[in-house]
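Written below as structure tokens is the structure these notes are about.
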Amino acid sequence: QQPGQQPAQAKPLVPGVRAIIAVASGKGGVGKSTTSVNLALALAAIGRKVGLLDADIYGPSLPRMMGITGKPTTTPDGKTLKPMENYGVKCMSMGFMVAEDTPMIWRGPMVMSALEQMLRDVDWGDLDVLVVDMPPGTGDAQLTMAQRVPLAGAVIVSTPQDIALLDARKGLNMFRKVDVPVFGVIENMSYFLCPHCGERSDIFSHGGARKEAERMGVDFLGEIPLDIAIRETSDGGKPIVVSQPSSPHAAAYRAIAEAV
Ligand code: ADP
């Protein structure tokens, strides 16, 4: 056992939830939330019962990306919160509790107790999979999530350039240290196809995540290009998997959903 690591029995199960998958990245801004949301919707599209937990307390993007407004209500017994729902996916996020421009000025222990509550005091019901959009990095919140939550596995999102891959490797190693299986790596913003001339540009390089996955001995789960349609749809609350289900991008997310 690693120093500071808690034993396995400190990971109580979430009743009714068959598998919890963490979507993580070493760095912010690589498209972790975009990937989490589209992966959750793709899992729903292939017939799974899906929940989505936004563990990014300081920068919750789930409400906007899932096109959800309003606040969750409590169940009749007052003991649990009912998750919000859109496109058939149950959602919980700190963003439902506070105004969008309100900063969460919280220290680690408060973040941890908020995460615990969003996980355990929410009426998730019967789920095949709960996708957790992790906060970026490998700090306190990430480590405690990895240690306290019975994760079935983690998916690492990275852009192809070296600096992002270096941080992705750290994220991957963190899960390994706490014995959480890593399902694989997704390369986001993998390349850019010019909508005008069709020419391809490898803006952040290309193929780095596949090589990194090989190097680290985990699966490469797929690549998603940099495409204005992906940004516009997810920032507009209708992610591409639901708004353009016949697009190649939606198919790519569904293929990743089949693989995890
Ligand atoms: P993170 O969760 O890693 O901080 P986000 O998912 O919030 O990153 O993405 C950051 C920004 O990049 C968002 O505006 C999002 O719409 C955009 N984005 C993410 N992935 C892509 C992509 N493949 N193509 C175009 N824009 C993307």
> Lys177: which lysines have alpha carbons under 19 Å from its alpha carbon, excluding same-chain residues fewer than 8 sequence positions away?
Replying inline: Lys11, Lys27
>> Within a 10 angstrom radius of the beta carbon, how do His206, His196 rank from fewest other beta carbons to most?
In response: His196, His206
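Take Glu85, Glu258 and order them by how many other Cβ atoms sit within 10 Å, fewest up front.
Glu258, Glu85
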> What aspartates and glutamates sit close enough to Lys211 to cross-link, taking a C-alpha to C-alpha distance under 12 Å and skipping anything fewer than 8 places away on the same chain?
Replying inline: Asp162, Glu187, Asp219
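Order of Ser205, Ser25 from fewest to most other C-beta atoms within 10 Å?
Ranking Ser205, Ser25 by Cβ neighbours within 10 Å, fewest first, gives Ser205, Ser25.
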> Toward the positive end of the charge dipole of the stretch 142-260, about the Cα centre and with charges on Cβ (Lys, Arg +1; Asp, Glu -1), which of Ile224, Leu151, Leu193 goes farthest?
Replying inline: Leu151
> Once you list every other residue whose beta carbon is under 14 Å from the beta carbon of Tyr58, what net charge do they have if Lys and Arg are +1 and Asp and Glu are -1?
Replying inline: -4
> For the stretch 190-260, what is one quarter of the convex hull surface built on the Cα atoms, given in nm²?
Replying inline: 5.5
> Peptides 26-37, 209-220, 100-111, 158-169: what's the order by average Cβ count within 10 Å, highest mean first?
Replying inline: 26-37, 158-169, 209-220, 100-111
> Using θ = phi - 60° and the Karplus curve 6.51 cos²θ - 1.76 cosθ + 1.60, what whole-Hz ³J(HN,Hα) does each residue of the stretch 143-157 get, with Gly and Pro shown as x?
Replying inline: 5, 5, 4, 5, 8, 9, 9, x, 6, 6, x, 10, 10, 9, 9
> Shape of the stretch 2-124 from its Cα gyration tensor (a ≥ b ≥ c, root eigenvalues): rounded if a/c is under 1.5, otherwise prolate when a/b > b/c, or oblate?
Replying inline: rounded
> From the phi of every residue in the stretch 72-78, what ³J(HN,Hα) in whole Hz does the Karplus formula 6.51 cos²θ - 1.76 cosθ + 1.60 yield, where θ is phi - 60° and glycine or proline is x?
Replying inline: x, 9, 8, 6, x, 7, x
> Karplus couplings for the stretch 167-174 from phi (6.51 cos²θ - 1.76 cosθ + 1.60, θ = phi - 60°), rounded to Hz, Gly and Pro as x?
Replying inline: 6, 4, 4, 5, x, 4, 5, 4
> So what is the 222 nm mean residue ellipticity for the chain from helices alone, if each DSSP H run of at least 4 adds -39500 (n - 2.57) and you divide by all residues, rounding to the nearest 500 deg cm²/dmol?
Replying inline: -10000 deg cm²/dmol
> Between Asp121 and Asp77, 0.36 nm times their residue separation minus their Cα-Cα distance comes to what?
Replying inline: 14.6 nm
>> Can you list residues from other chains, or at least 5 along the same chain, whose modelled amide H is less than 5 Å from the amide H of Val17?
In response: Leu127
> Given H placed 1.01 Å from N in the peptide plane, which residues other than close sequence neighbours of Ser190 have an amide H under 5 Å from its amide H?
Replying inline: Ile224, Leu226
>> Less than 12 Å Cβ to Cβ from Asp202, Lys/Arg counted +1 and Asp/Glu -1: what total charge do the surrounding residues give?
In response: -2
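Read-outs throughout are calculated quantities, based only on the coordinates presented, and are distinct from any laboratory measurement. Computed from a predicted model, the values in this text were never measured in an experiment. All Cβ positions, even for glycine, are placed from backbone atoms using ideal geometry, and neighbour counts span all protein chains on display.
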